[in-house]
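What follows is a short report on a single structure.
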Amino acid sequence: MALHQPQDPYLLERSWQRSRDYGLSRHSRVDRLCLLRPDLQQRKQQHAQLLRYLNSSLPLFEQLQQGRRCRLLFADAEGTILFSTGDPYFGSKAQKMALANGASWHEQSMGTNAIGTALSEQKEICILGQQHFLAANHGIGCSASPVLSPSGELLGVIDISSEMGEHNQDMLLTARLMAQAVENALVINQQDTHWILNLAPDAGSLQQPWSGIIALREDGKLLGANRSARNWLQELDIPTMLSELKQGELTPLGQGMALLSRQSRSSSVASPKPAPQARSPVPHEVTALKLMARRIPLLVQGETGTGKDHLVRRLHQASQRADGPLVAVNCGALPTDLLEAELFGYVGGAFTGGSKQGRPGYVRAAHQGILFLDEIGELPLAAQTRLLRVLQEKTVTPLGSHVPEPVDFQLIAASHRNLATMVEQGEFRQDLYFRIKGFKLTLPPLREYKDEDFDRLVRTLLSELQQDDPVSGATVAGEKVLDEPVLDEQVLDETALQTLKAYSWPGNIRQLKQLLEVALVLADGNRIDLEHLPELPRCDGPATGNTRDLKSLGDQLIERTLKECNGNVSAAARQLNLSRTTIYARLKALKNC
């Protein structure tokens, strides 16, 4: 095999000169330094978290180097081997001793070698045979990649070593992937991590080991980033991004894509408990998770604003696919002429105006994660047919291609429309309906909440909004957040609470949350009372299902939102989380009244 030359042509020259400066010669006797057991255990303890993540990544090494006579090593920043695994029969007795835990491979004692030189140069490197400075090491080949902390500090290197004649160039790639996997785990699993921001040139590269990963605290403060993300940091305005990005949705960013997700806290590390999310009283979530473990599709139904997206995020975070992507797609907001390209992807040159590189599409982007098709009832019949085939065959064929690609995802569909009625009217495929309706979850409208459920929701929303508020949040920073925040008259006047209960809420939880957010600002730290609820109609009696014409209130909400959006139907649809078809239908009905 031809010797692999380092990318930097002067790297070997610099390393050999350092070896001479250390007083070594080509035929120097190798005095192998090895830590005593107590010192070795102390070093391992210092890197316990890193070694744990390395252990969990071993299946990647075994898959890529299966059957090869080689060993995988981790050496700390001092060049001391703390982890060694792989083929037990590789190497002579002397080489086995040199590659054992506690052995040192710093350039000062071993001259030019992959571990020591990668540490000195802080670059990945492959050193083969006679490229080693010491003749005693000419019989081996080594590839090493540095491992950096979330702040960019050098922690050590991952090395793959083998007999010189059996070393392959893909061993450097494996070392790099292992280092990236460990770095990513270190970034994501920091104690105060609340938000994870994934960055990549395209949607298909998100969630890959080489994608950019940025860890943020709940207040948006940067905690760390992997090496790929550091190339993005100078161009990012993180506070602005956090206000614009929607959790779980793919968003174009410059020449690439971004995905914001909330980090699930499954470890036992003590940390402040995050504010509880607003939730509907759904008794079947445990059942839904069990069904998801068997890959059974879920159908979530409920009026607009009842919390379907919040439910899906909770299920994602608690599911076996929590480490995979959650790709949320509003089917009603997809452009009609590009709908299939957006969903199923396309190859370069598939159509005029498309990307030269093609796009993976939302379905492939959800591989090994969850695909959430919101407002699935808005899909045209042609797209329904293609989706049915994807679900049946578990493959997707991008536009312009004839090669099906396997996909593995959990499907969750949602709609505010009655899909069974749409099937009867020929607007939705019956076979697709039964395919997506493995288990049905129905979220109740806010007007049907029991008093105790409504009270719980209001105090949860107020607690969440106060935590997010930069002024009030500063006064509670570091305080323990309660599972059930106390709602008393110091926060919300009893008359105001009863008025909230009396309203019919055509916009459901979304409308309630927005109204409370406005009330908190108007109250300016004082108790919320009726004067801080200017958008809320006054009711003298208790709420009933027939208190007011709900459709009329919904139409008023649509008209007001359209006015705020200067007549832009697409913008109003996004703000109301309705499809454009629904808005056009209501406008047509109003015009005919």
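The values are calculated or read from the model by the stated rules, or taken from the named source; none is laboratory data. Owing to the predicted nature of the structure, the values given are computational and were not obtained by experimental measurement. Every residue, glycine as well, gets a Cβ built from its backbone with ideal geometry; the counts of neighbours run over all protein chains shown. Side chains are part of the model used for accessible areas, which takes the heavy atoms of the whole protein and leaves out ligands, DNA and RNA. Shrake-Rupley method; radii C 1.70, N 1.55, O 1.52, S 1.80 Å.
Under a 5 Å amide H cut-off, with hydrogens placed 1.01 Å from N, Cys70 pairs with Asp87 among residues at least 5 apart or on other chains.
Neighbours of Ser211 by Cβ distance under 15 Å: Lys/Arg scored +1, Asp/Glu scored -1, total +1.
A 1.4 Å probe, protein heavy atoms only, puts the accessible area of Val458 near 0 Å². Taking θ as phi - 60° and the Karplus parameters 6.51, -1.76 and 1.60, the scalar couplings of the stretch 311-321 work out to 4, 5, 5, 5, 4, 4, 5, 9, 8, 6, 9 Hz in sequence order, x denoting glycine and proline.
For the stretch 283-443, the Kirkwood radius over C-alpha pairs fed into Stokes-Einstein at 37 °C and 0.692 mPa s yields D = 204 µm² per second.
With a 1.4 Å probe and every protein chain kept in, tell me what percent of the accessible surface of the stretch 283-443 is carbon plus sulfur. The value for the stretch 283-443 is 49 percent carbon and sulfur by accessible area.
In this structure the stretch 11-187 gives 44 Å² per residue of accessible area when probed at 1.4 Å with all protein chains present. Under 5 Å between amide hydrogens, built in the peptide plane, is the criterion, and for Leu492 it picks out Ile528 among residues at least 5 positions away or on other chains. Here Gln130 and Gln234 are evaluated by their C-beta separation; at R0 = 56 Å the FRET efficiency comes out at 0.85. With a cut-off of 15 Å between beta carbons, the residues surrounding Gly349 carry a summed charge of +2, where Lys and Arg count +1 and Asp and Glu -1.
Here's how it looks for Gly224: its modeled amide H is under 5 Å from those of Ala215, which are all 5 or more places away or on a different chain.
Backbone phi angles across the stretch 39-45, fed through the Karplus curve with coefficients 6.51, -1.76 and 1.60 (θ = phi - 60°), yield HN-Hα couplings of 5, 5, 5, 5, 5, 4, 5 Hz in residue order; Gly and Pro are listed as x. Here is the list for the stretch 175-236: GluC sites (Glu not before Pro) lying in DSSP coil, each with at most 13 other C-beta atoms within 10 angstrom of its C-beta, are Glu235.
Taking the protein heavy atoms of the stretch 11-187 in the context of the full set of protein chains, the accessible area attributed to carbon and sulfur is 49 percent at 1.4 Å. Its alpha carbons give the stretch 11-187 an Rg and a Dmax of 14.9, 43 Å.
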